[in-house]
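Remarks on the structure that follows.
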Amino acid sequence: MKQIILAVPCGLWYTTICATYFVPLEVDKLAGQCEICGKGRQTGHKVSHSNIKTNRTWKPNIRKIRANINGTAKTIKICTRCLRAGKVQRAG
């Protein structure tokens, strides 16, 4: 488990975000998770200017594509980072 603190621009001010994320040990087929790298939902707090912490989640940009897996075309869920990096070959 790792924890990071981010400063995100929000209008004219910066909002401080404290995010906790887990490094996947094993890739499972779960909803909202990349089947290649295992990137999934991250949870953390949105921290307001008055230091009130509100729970929130960050979701990866998952796309459903048809890809060539072992010579056959299969539909997989993959994040756009893996898609741009060329980790799979699209079918068709």
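Look at CYS34 and say whether it is of a type outside the set (D, E, K, R), touching a residue at least 40 places away in the same chain (Cβ under 8 Å) and either loosely packed, with under 12 Cβ neighbours inside 10 Å or assigned to a loop (DSSP other than H, G, I, E, B) (or both).
Details: of a type outside the set (D, E, K, R): yes; touching a residue at least 40 places away in the same chain (Cβ under 8 Å): yes; either loosely packed, with under 12 Cβ neighbours inside 10 Å or assigned to a loop (DSSP other than H, G, I, E, B) (or both): yes.
Yes; evaluated as a whole, the condition is true for this residue.
Within the range 47-92, take every residue that is among the basic types (Lys, Arg) and under 17 Å from the mean Cα position of the chain (by Cα) and give me the one that is nearest to LEU30 (Cα to Cα).
First, the residues of the range 47-92 that are among the basic types (Lys, Arg): 53, 56, 59, 63-64, 66, 74, 77, 81, 84, 87, 90.
Now restrict to residues that are under 17 Å from the mean Cα position of the chain (by Cα): 56, 59, 63-64, 77, 81, 84, 87.
Numbers: ARG56: 20, LYS59: 13, ARG63: 13, LYS64: 13, LYS77: 9, ARG81: 18, ARG84: 21, LYS87: 19 Å.
Top of the filtered list is LYS77.
Here, each number is a calculation from the coordinates, and none is a lab measurement. Quick caveat, the model's predicted, so the values are computed rather than measured. Counting neighbours? That spans all protein chains shown, and the Cβs are built from the backbone with ideal geometry, glycine included.
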